[in-house]
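Visitor: I'd like to ask some things about the structure below.
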Amino acid sequence: MNGFRSTLINYPELNDLNNWPMHVDTANMSSQNRAKFLRNVEIIKSYQQGMSVRITAKNHNVSPSMVYYLLNRALGTRDSEYPALYKGLIPNLIQQEKTRQSPTPTLANRRGTVYAFKALLKEYPEINVEMQAKIKASYRGAATSENLNPKILHDFFLSLLKQMGVPKDHYPYTTKSLAYQSVRRYFHDYQSELRSPKSSHWRDSISQRSDMAFEKIQIDEQYLDCETSIEFEIFGNRVLVRIKRFWLVMATDCSTGCILGFHVSINRRCSQWDIINVLKQIHYPKPQLVLQTPYLSYPQGPNLYELKTWLPRVQIGQISLDNDMSHFGNNCIQYAHDQQACLHYGHPATPNVRDQIERLFNMINAVSHRSRSTTGSNSHDPIKESKRLKKKPPTLNVITLQEMLSIQIANYNLTPQARLGGVSPVEKLKELIQHYYCMRPPQAPHSPLIKDPKLRKLHFSTTKKQHPWVNFYGVRYTVMDWSQPVHSTTDVSIEFDPEDIRKIKAYLPSGDFIAELIVPRMWRRYAHGIITRNRIIKKTKNLVTASGDPFTKYFTVLQKNIHKPSIQLEMVRLGYENTQNRELELGMVNKDEPSEVSMSSNSYQQSANHLSTQIRLPWEQVKIS
């Protein structure tokens, strides 16, 4: 091999980086390799500018031998070939296959045996072909093959040496074991190559771990393999009923394996709002549940809620989902767009792309399969609930199951793992966020609200003296207070909390906040989400117009059909939604400043307070335990 000095004598124009042809795409490198590549280029540039090797090494915090190594990789030549140049500066790139340089050893000249076996197969290619054919026949179980092992293959190798006429004083006859270890390793390596799956060109490979928090997040949902029970107390009458299976949605970070959030969706189908709920927990984690079941307790240690001041500052790189229709919702796409994240849906029938989240659901099944009311993994699973036990409601309560799932997830996040260097996923995530580089969004999310993907029109009445309004999910929202006065009809973007849509915020398309808007009085009584709003409007559209009380009418419709499993599941969902204890805050304008709307803000607040003390709904007479 000719060194870099000989190359510079033969090609003096290569002493200037501007004359080097660029055949390297740095965009395809990982961030770590790209940083090392740029450092190597700077080292070559410093040397070409006349700096000594010692000063160049000191300036870039490397050893002098490293400088000579890079110069030889970039400018060294072999067999009159053109130097590698930029390709030689790519870290960990094998420029050419390593081969034996000296002749194979003989009894008269016993040199080392480095790459001697590879040189022998190159000199006698028929040996390589015969050995591969024998291993392949044994692997495929051919009728004429034998149960092969390294000892049998070595004997076959020695017989091939005799057939090919290899001299008795040449390798491998110069070694004590007759190249047995080389044949054994050749046998296992080729068998591993045969066992490795030959995936199609369009299939994604199994996800790789990285050292950057939130670089890739996997989200999926699963139908819990367990039925539960719940006790309704309606106007003093207690009813114990069986509750059908519901959904569990989870999100995990691929770099640490930490479960970032989970949501129990008490619905017959999973919707985009359940996915949004988990996406919000990535940046705004929820506190741990208040345990009500005796003898249950959380493990001692840190949790994600303690990182609530750090998580909003980290940007999501890629969100990996499957092809479920709920993942294609406009609000999911808009949320990923606001976070500047990439949505990756993968190809059909390729669950291995989301291998981490699938393994976590297997861990969750250890909880749902413990109860006698489990449905098992399939219809023929022997652990599924017997027909005798199905006649009565299960002993496992909905609340208890949620607490068990929460404890199982917390215990997983706090369990030290060998692949993380003996630390737990939560500790590893905390370390990556606080001490290592993380992708930072241009502007950290300032609130857990989400943005509606559709622009709404802010209406002004020219005939009546009333507040400006916006139509949002079937209800007219009126302006509470102006932050930036607007006097004409215009398009606005809406920010809202999908779990409580009684109050929303309006922004101009430029991003300037203009006002808060509130629902009509008959919708303010209870916190409710978009799913509840849509179902109330669909079920009681004609009844609400007559009574002006949507919650009472919807509850009456449900109460008449309480014997149906789907209605019982809906009652449980409403019970959890209305036990959030969310207070509706009515922020009004300053009394000293004139109001920009025709109706005074003081009278507006008084009317809302008067409503809250007069209406009594049967919701308050329903308890879930």
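The values are calculated or read from the model by the stated rules, or taken from the named source; none is laboratory data. Keep in mind that this is a model prediction, so the values were computed, not measured. Note that each Cβ is placed from the backbone with ideal geometry, even for glycine, and that neighbours are counted across all protein chains shown. Surface accessibility is based on the protein's heavy atoms, side chains included, excluding ligands, DNA and RNA. Shrake-Rupley method; radii C 1.70, N 1.55, O 1.52, S 1.80 Å.
Visitor: If Lys and Arg each add +1 and Asp and Glu each add -1, what is the summed charge of the other residues whose beta carbon sits under 10 Å from the beta carbon of R524?
Guide: Summing Lys and Arg as +1 and Asp and Glu as -1 gives +4.
Visitor: Can you work out the FRET efficiency for the pair K457 and A35, with r the C-beta to C-beta distance and R0 = 51 Å, to the nearest 0.05?
Guide: 0.55
Visitor: So how much slack lies between Y223 and A366, counting 0.36 nm per residue of separation and subtracting their Cα-Cα distance, in nm?
Guide: Extending this stretch completely gives an extra 50.1 nm.
Visitor: Then there is this: Using the heavy atoms of the protein chains and a 1.4 angstrom probe, tell me the accessible area per residue for segment 345-489 in square angstrom.
Guide: Per residue, segment 345-489 has 57 Å² of solvent-accessible surface.
Visitor: Apply 1/(1 + (r/R0)^6) to the Cβ-Cβ distance of D512 and F328, taking R0 = 25 Å, and write down the FRET efficiency to the nearest 0.05.
Guide: Computed FRET efficiency for D512 and F328: 0.20.
Visitor: Once you have the Cα-Cα distance between E123 and L343, take 0.36 nm times their residue separation minus that, and quote the gain in nm to one decimal.
Guide: Length gained, E123 through L343: 74.0 nm.
Visitor: Additional query: Say the dipole of the chain comes from +1 at the beta carbon of Lys and Arg and -1 at that of Asp and Glu; which of G236, S145, I259 then lies farthest toward its positive end?
Guide: My answer, from the dipole projection, is S145.
Visitor: Please find the FRET efficiency linking T556 to R476, where r is the Cβ-Cβ separation and R0 is fixed at 30 Å, and quote it to the nearest 0.05.
Guide: Computed FRET efficiency for T556 and R476 comes out at 0.80.
Visitor: Please compute the net charge surrounding V62, taking Lys and Arg as +1 and Asp and Glu as -1 over other residues with Cβ under 13 Å from its Cβ.
Guide: Spelling it out: positives minus negatives among the neighbours equals +3.
Visitor: Any idea what the relative contact order of the chain is, in percent, if you count C-alpha pairs under 8 Å spaced at least 6 apart?
Guide: 11 percent
Visitor: Something else: Given a 1.4 Å probe, how much area per residue of segment 1-110 is accessible, in Å²?
Guide: Result: 65 Å² of accessible area for each residue.
Visitor: Let me ask you something else. Please state the charge dipole magnitude for segment 43-118, taken about the Cα centre, from unit charges on C-beta atoms (+1 on K and R, -1 on D and E), reported in debye and rounded to the nearest 20.
Guide: Approximately 200 debye in magnitude.
Visitor: Here's a follow-up. Tell me, what is the 1.4 Å probe accessible area of R34, in Å² to the nearest 10?
Guide: Approximately 80 Å² for this residue.
Visitor: Cα atoms only, segment 373-426: Rg and Dmax in Å?
Guide: My reading of the Cα-based Rg and Dmax gives 16.7, 50 Å.
Visitor: Using protein chains only and a probe of 1.4 angstrom, how many square angstrom of D16 are accessible, to the nearest 10?
Guide: Surface accessible to solvent at D16 totals approximately 70 Å².
Visitor: W523: accessible area at probe 1.4 Å, nearest 10 Å²?
Guide: 10 Å²
Visitor: Determine the dipole magnitude for the chain: charges of +1 sit on the beta-carbon of Lys and Arg, -1 on that of Asp and Glu, nothing else is charged, the reference point is the Cα centre, and the result goes in debye to the nearest 20.
Guide: Dipole size: approximately 1500 debye.
Visitor: Give me the percent of DSSP beta bridges within the chain that run antiparallel, rounded to the nearest 5.
Guide: 90 percent
Visitor: Pop out the carbon and sulfur fraction of the accessible area of the chain as a percent, whole number, probe 1.4 Å.
Guide: Whole-percent figure for carbon plus sulfur exposure: 50.
Visitor: Moving on to the next point. What ranking of V24, V290 comes out by heavy-atom accessible area, probe 1.4 Å, highest first?
Guide: Result, largest first: V290, V24.
Visitor: At 0.36 nm per residue, minus the direct Cα-Cα distance, what do E233 and Y68 gain on full extension? Give it in nm, one decimal, please.
Guide: The span from E233 to Y68 would gain 51.3 nm if fully extended.
Visitor: Can I ask one more? Charges on Cβ only, +1 for Lys and Arg, -1 for Asp and Glu, centred on the Cα centroid of segment 15-64; of S30, V62, S46, which one is farthest towards the dipole's positive end?
Guide: V62
Visitor: Just to be sure I understand, if you calculate semi-axes √(5λ) of the Cα gyration tensor in Å for this structure, which of (i) 69, 22, 21; (ii) 52, 27, 22; (iii) 65, 37, 19 do you get?
Guide: Evaluating semi-axes √(5λ) of the Cα gyration tensor in Å on these atoms matches (iii).
Visitor: Check cross-link reach from K539 to the lysines: straight Cα distance under 29 Å, and skip same-chain residues fewer than eight apart.
Guide: Hits, sequence-local ones excluded: K244, K451, K454, K457, K503, K505, K553, K560, K564, K623.
Visitor: Sticking with this structure for a sec: Got a sec? Charge dipole of the chain, +1 on Cβ for Lys and Arg, -1 for Asp and Glu; which of V486, T175, Q288 is way out at the positive end?
Guide: Positive-end residue among those listed: T175.
Visitor: Kirkwood Rh over Cα pairs of segment 462-521 into Stokes-Einstein at 10 °C, 1.306 mPa s: D in µm²/s?
Guide: Estimated via Stokes-Einstein, D reaches 133 µm²/s.
Visitor: Pull up the cross-link candidates among the lysines for K134, meaning alpha carbon to alpha carbon under 27 Å and not fewer than 8 places away within one chain.
Guide: Result set, ordered by chain and number: K98, K118, K122, K151, K162, K168, K176, K198.
Visitor: Here is a further query. List the lysines whose Cα sits under 16 Å from the Cα of K308, skipping any in the same chain fewer than 8 residues away.
Guide: K280, K286, K428, K430
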